[in-house]
Ligand code: 5U1
């Protein structure tokens, strides 16, 4: 568009309105849609222009101005707010099994007078965010008040703090009702929580007084919302999801704005509120059960904590018909997952030795059922962490177990401490082999200096070599490795291939049949691939991907063993730390000896020529894989794409170039369609792999 050179310059009021509108638009793109249109620097420039205008003309300052997000006001206490429509709570179904969803459906059907032959009831299934419920009040489309739930009737006015949340719109489109209360949850993403705690730890280490780390994202979010100094609240990264309404007056026109809960959520999204994409319409209890199961699987990979899912009757007229019991609607229920945090006591603190000699303090706990399993050990990571949390024997602690993550001690319940047990300190010598334990400068971990002299390191090294992703020796598990090392039968990796039937069969709990199977598995493992072998050696910092890159780049093991640090640095994704670690490993005579002996025992793989710089037809492209493919396993497809230079991501965003969808593709396919990302099948992916683009 050519600028109109003769147009009058805007007045300060016009320019301020223009800037506010532009900043609102870009804040929505950035915070809600995660799809910014302008660089951060440009946003900052517009923001500063508006700030300058408002300070020159204070009369132009409006409560919905984006400049009001930065916080600053310090309150003596919070004013109270009487909710125009009470903020209800939700009934909790504590039965975490599928029967929990069935019980809710049965209750709803009974209350509605439906018989078994009537069709299934439609529900909306949503996520139950682990945060703090908030009511946002908009008058004439402008945010005028934000209040906590409080006792449901009266909450606290936390408007200044809520304004600092980028995802909360300060102003809504013009078609919203004159009075509109939007309800939802303020929460903290896990990555924001980790970064916040990292900053807190740095402040504490620098000697700042009165600073602390936070126990979990929910507490951190609740603390930020109830922070009297809004300048501090503004530094706590909060997010928001909308899921319901409070008071609504003066809708436009005579048509209702929506007749279903799903319609309501979609309308909230249109108005600029973040609504979780996992929201799903479910027909009857079976689909509720599968939603509960699907989200249970995804739970740990969501970027924020949830403690369950919520089911709501979809039809708003049926909701009205069902009504409430005390403060809880009959049309909704929260269906929980097993708690991920529990209280227990520390019976001892042991120190375990890992494959690379790392010493890890581990709290031995009174058994406790958490995250779906009984937990008896929880990692304390290292001495600094154990001291920071000040975990002592006898303490009552909060233990957390999320998914496959190793259980950890979140914090000590300090007022339950009995007496004055001594603080934990790391032993000066390895508890297994007695070698000196050292902590190198700049590192948090202590390490045993015993190397393969240390039987604990040997056991871990053997288990690492035998694992499925390395040499894949079926049957060689912890117990057996322990026996083999403790009995002195296996000292180094090549000893595995020297095991005989008689020696094996004489071990405790090992019959002739199992011994025979193990020998067969060992024999099969002799034929392997270079990446598996390299990974199996357990070189520090060399994971599967690096092992693959090294094999591809050099083609053969001798070339890798002879490569200088500079030559290693030529491998894509290998940096100085990794390169030095590889060089150091192969500089040790005993490591070269192990490799030679393994080869002498018949361990072999195919070698190739060094890569010329393999063609990378898909360099710079990002793919997401979903569903089951006709010929390739997901892992194979990933390997092929990565070999062609593509990046394979776990979730779909605007930055995704292609979603490869197979049978039973899930929510990633829906997301791709929503964002207009190209969806292709396996055959098209194969064409791209060879041709790099469509011809
Ligand atoms: N997603 C969602 N969470 N949540 C919490 N919806 C929802 N609804 C709630 C609550 C307390 O309450 C209404 C059913 C009143």
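The values are calculated or read from the model by the stated rules, or taken from the named source; none is laboratory data. As the structure is a prediction and not an experimental result, all values here were calculated from the model. Here the Cβ is made from the backbone with ideal geometry for all residues, glycine too, and neighbour counts use every protein chain on show.
Does residue 327 fit the bill of being under 29 Å from residue 446 (Cβ atoms) and modelled with pLDDT under 95? It is false that residue 327 is under 29 Å from residue 446 (Cβ atoms) and modelled with pLDDT under 95.
Working only within segment 74-94, note down all residues that are more than 16 Å from the ligand (Cβ to nearest atom), modelled with pLDDT under 85 and surrounded by fewer than 14 Cβ atoms within 10 Å (Cβ to Cβ). Lay out the reasoning, then the answer.
First, pick out the residues of segment 74-94 that are more than 16 Å from the ligand (Cβ to nearest atom): 74-82.
Next, only the ones that are modelled with pLDDT under 85 stay: 74-77.
Result: 74, 76, 77.
What do you reckon, is residue 279 touching a strand residue (DSSP E or B) at 6+ places or on another chain (Cβ under 7 Å) and either closer than 30 Å to residue 217 by Cβ or within 13 Å of the ligand (Cβ to nearest atom) (or both)? Criteria met by residue 279.
Of the residues examined, residue 242 is one that is surrounded by 14 or more Cβ atoms within 10 Å (Cβ to Cβ) and under 28 Å from residue 333 (Cβ atoms). Only helices (runs of 4 or more DSSP H) whose full extent lies in segment 527-580 are considered here, and the ones with at least 2 residues that are buried (at least 20 other Cβ atoms within 10 Å of the Cβ) are 530-536, 544-554. Selection of segment 427-443 for residues being in contact (Cβ under 8 Å) with a residue 40 or more places away in the chain and surrounded by fewer than 18 Cβ atoms within 10 Å (Cβ to Cβ) yields 427, 431, 439.
Within the option set 140, 178, 195, being under 25 Å from the mean Cα position of the chain (by Cα), more than 15 Å from the ligand (Cβ to nearest atom), in contact (Cβ under 8 Å) with a residue 12 or more places away in the chain and surrounded by fewer than 20 Cβ atoms within 10 Å (Cβ to Cβ) holds for one residue only, 195.
Taking segment 295-311 as the region of interest, how many residues are part of a loop (DSSP other than H, G, I, E, B) and buried (at least 21 other Cβ atoms within 10 Å of the Cβ)? I'd like the intermediate steps shown before the answer.
Here is the first cut: in segment 295-311, the residues part of a loop (DSSP other than H, G, I, E, B) are 302-305.
Narrowing the set further to residues that are buried (at least 21 other Cβ atoms within 10 Å of the Cβ) leaves 304-305.
Count: 2.
In segment 56-73, the residue that is nearest to the chain's Cα centre (by Cα) out of those that are modelled with pLDDT of 85 or more and either part of a helix (DSSP H, G or I) or over 23 Å from residue 167 (Cβ atoms) (or both) is 66.
Restricting attention to segment 95-120, the residues that are within 16 Å of the ligand (Cβ to nearest atom) and under 30 Å from residue 180 (Cβ atoms) total 3. Restricting segment 222-237 to residues that are within 22 Å of residue 80 (Cβ to Cβ) and in contact with a helix residue (DSSP H, G or I) (Cβ under 7 Å, 6 or more places away or on another chain) leaves a set whose member that is farthest from the ligand (Cβ to nearest atom) is 230. Please verify whether residue 133 is under 23 Å from residue 275 (Cα atoms), surrounded by fewer than 22 Cβ atoms within 10 Å (Cβ to Cβ) and within 11 Å of the ligand (Cβ to nearest atom), treating the condition exactly as stated. Yes: the conditions hold for residue 133.
Out of 288, 264, report the one residue that is in a helix (DSSP H, G or I) and within 12 Å of the ligand (Cβ to nearest atom). Before the answer, list the steps.
Numbers: 288 fails: within 12 Å of the ligand (Cβ to nearest atom).
Going through 288, 264 in turn, just one is in a helix (DSSP H, G or I) and within 12 Å of the ligand (Cβ to nearest atom): 264.
Can you pull out the residues in segment 312-333 that are more than 13 Å from the ligand (Cβ to nearest atom) and either more than 15 Å from residue 284 (Cα to Cα) or part of a helix (DSSP H, G or I) (or both)? Answer for segment 312-333, where residues must be more than 13 Å from the ligand (Cβ to nearest atom) and either more than 15 Å from residue 284 (Cα to Cα) or part of a helix (DSSP H, G or I) (or both): 317, 318, 320, 321. In segment 144-158, the count of residues that are buried (at least 23 other Cβ atoms within 10 Å of the Cβ), away from the ligand (no atom under 16 Å from the Cβ) and touching a residue at least 60 places away in the same chain (Cβ under 8 Å) is one or more.
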